[in-house]
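A.B. asks: Before I ask anything, here is the structure I am working with.
The values are calculated or read from the model by the stated rules, or taken from the named source; none is laboratory data. Here the structure is a predicted model, which is why all the values come from computation and not from measurement. Backbone-built Cβ (ideal geometry, glycine too); neighbour counts: all protein chains shown. The accessibility values were calculated without ligands, DNA or RNA, using every heavy atom of the protein model including side chains. Shrake-Rupley method; radii C 1.70, N 1.55, O 1.52, S 1.80 Å.
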Amino acid sequence: MTAPRILLFDSGMGGLTVASAVRQAEPGATLIYAADNAAFPYGAWDEPQLVKRIVAVVGKLIDEARPDLVVIACNTASTLALTALRERYTVPFVGTVPAIKPAAEQTKSGLIGVLATPGTVNREYTKTLIHTYAFHCKVFLHGAKRLAEIAEAKLKGQKVDPDELKLEIAPVFRKRDHKQTDVVVLGCTHYPLLLDEMRAVAPWPVTYIDPAPAIARRVSDLLRTAKM
Ligand code: DGL
């Protein structure tokens, strides 16, 4: 049996957080990582143009890398382009979307924060996830303008400014009727790269949900089902 080829795609280095979970779950697989740096950040793009770009770039990567499975390791791309990608290409896709369902299951206060890019926050997909799984919760959605860039800069060796970070995450830390946000969804694959820094500047401790382990499980399930 040859090693399955898994292509992981993101706008930048955020998808590496997913790649490392997939590497742990599938140590024998061949991982191919592609970042559309030329178009980073995706969070600020206009939807019709971005969907066209993602379909074109991923198509080219599929031609070149011949993967058995593609992981769209980017919430901003998945919430917009997964349907178009599945319609256009026959290879199986695993997407990354904000972990609203597990957050709604884990919250005790009923107050959930969702940090994501402005693009992901505005998507119908994200609103549908909230209406379906967190209708009984109060969800504070925040489109963070700079967080993904701060994470990229950190990976390039730059220092994270704690004051800037604090301002970026503050809108999801809220209080209502003697209760406060207790779960924060990391709705962009770049954000787990800043987890230590976020914990250090957060107004109070919360549970942060990184979807990477769940994505890796989904990848393993698909590989087993397809017997790759
Ligand atoms: N890593 C991407 C995500 O999960 C987004 C970063 C960007 O704005 O390009 O949403």
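A.B. asks: Just a yes or no: is a residue in region 134-143 open to solvent by 90 Å² or more (accessible area, probe 1.4 Å) and of a type outside the set (Lys, Arg)?
C.D. replies: Yes, because at least one residue in region 134-143 is open to solvent by 90 Å² or more (accessible area, probe 1.4 Å) and of a type outside the set (Lys, Arg).
A.B. asks: Sticking with this structure for a sec: What is the residue count in region 205-228 for residues that are open to solvent by 30 Å² or more (accessible area, probe 1.4 Å) and small (Gly, Ala, Ser)?
C.D. replies: The qualifying residues number 2.
A.B. asks: Which strands (runs of 3 or more DSSP E) does region 75-190 wholly contain that include 1 or more residues that are farther than 28 Å from Asp221 by Cα?
C.D. replies: The qualifying strands (runs of 3 or more DSSP E) are 111-116, 138-143.
A.B. asks: Being away from the ligand (no atom under 15 Å from the Cβ) and touching a Pro at 6+ places or on another chain (Cβ under 7 Å) is the requirement here; does Ala84 meet it?
C.D. replies: no
A.B. asks: Which ones in region 166-204 are open to solvent by less than 30 Å² (accessible area, probe 1.4 Å) and either free of Cβ contacts under 8 Å to residues at least 24 places away in the same chain or more than 16 Å from the ligand (Cβ to nearest atom) (or both)?
C.D. replies: Result: Phe173, Thr181, Val183, Val201, Ala202.
A.B. asks: Of the residues Val71, Val18, only one is under 14 Å from the mean Cα position of the chain (by Cα) and more than 11 Å from the ligand (Cβ to nearest atom); which?
C.D. replies: Checking each option against the conditions leaves just Val71.
A.B. asks: Out of everything in region 40-57 that is open to solvent by less than 60 Å² (accessible area, probe 1.4 Å) and outside any helix (DSSP H, G or I), what residue ends up being nearest to the ligand (Cβ to nearest atom)?
C.D. replies: Across region 40-57, the extreme among qualifying residues is Pro41.
A.B. asks: Return only the number of the condition from (1) away from the ligand (no atom under 16 Å from the Cβ); (2) within 22 Å of Arg123 (Cα to Cα); (3) outside any helix (DSSP H, G or I) that Gly12 does not satisfy.
C.D. replies: Answer for Gly12: the failing condition is (1).
A.B. asks: Oh, and also: Mind listing just one residue for me: the one in region 25-39 that is open to solvent by less than 50 Å² (accessible area, probe 1.4 Å) and touching a Ser or Thr at 6+ places or on another chain (Cβ under 8 Å) and, of those, farthest from Val71 (Cα to Cα)?
C.D. replies: Ala39
A.B. asks: Now for a different question. Filter region 92-116 down to the residues that are within 11 Å of the ligand (Cβ to nearest atom) and open to solvent by 10 Å² or more (accessible area, probe 1.4 Å) and list them by number.
C.D. replies: Of everything in region 92-116, those that are within 11 Å of the ligand (Cβ to nearest atom) and open to solvent by 10 Å² or more (accessible area, probe 1.4 Å) turn out to be Gly95, Val97.
A.B. asks: Checking the structure you have, find out if any residue of region 147-154 is closer than 15 Å to Val172 by Cα, open to solvent by 20 Å² or more (accessible area, probe 1.4 Å), of a type outside the set (Gly, Ala, Ser) and out of contact with any strand residue (DSSP E or B) (no Cβ under 8 Å at 6 or more places or on another chain). If you could, list the steps in order and put the result at the bottom.
C.D. replies: Going through region 147-154, the residues closer than 15 Å to Val172 by Cα turn out to be 147.
Checking which are open to solvent by 20 Å² or more (accessible area, probe 1.4 Å) leaves us with none.
No; the residues of region 147-154 include none that is closer than 15 Å to Val172 by Cα, open to solvent by 20 Å² or more (accessible area, probe 1.4 Å), of a type outside the set (Gly, Ala, Ser) and out of contact with any strand residue (DSSP E or B) (no Cβ under 8 Å at 6 or more places or on another chain).
A.B. asks: A further question on this structure: Go through (1) touching an Asp or Glu at 6+ places or on another chain (Cβ under 8 Å); (2) within 16 Å of the ligand (Cβ to nearest atom) for Ala148 and report which single condition fails.
C.D. replies: That leaves (1) as the condition not met.
A.B. asks: Next up: Tell me yes or no: at least one residue of region 1-11 is over 23 Å from Leu155 (Cβ atoms) and at pLDDT 95 or above.
C.D. replies: Quick first cut of region 1-11, residues over 23 Å from Leu155 (Cβ atoms) only: 1-5.
Narrowing further to those that are at pLDDT 95 or above: 4-5.
Checked region 1-11: at least one residue is over 23 Å from Leu155 (Cβ atoms) and at pLDDT 95 or above.
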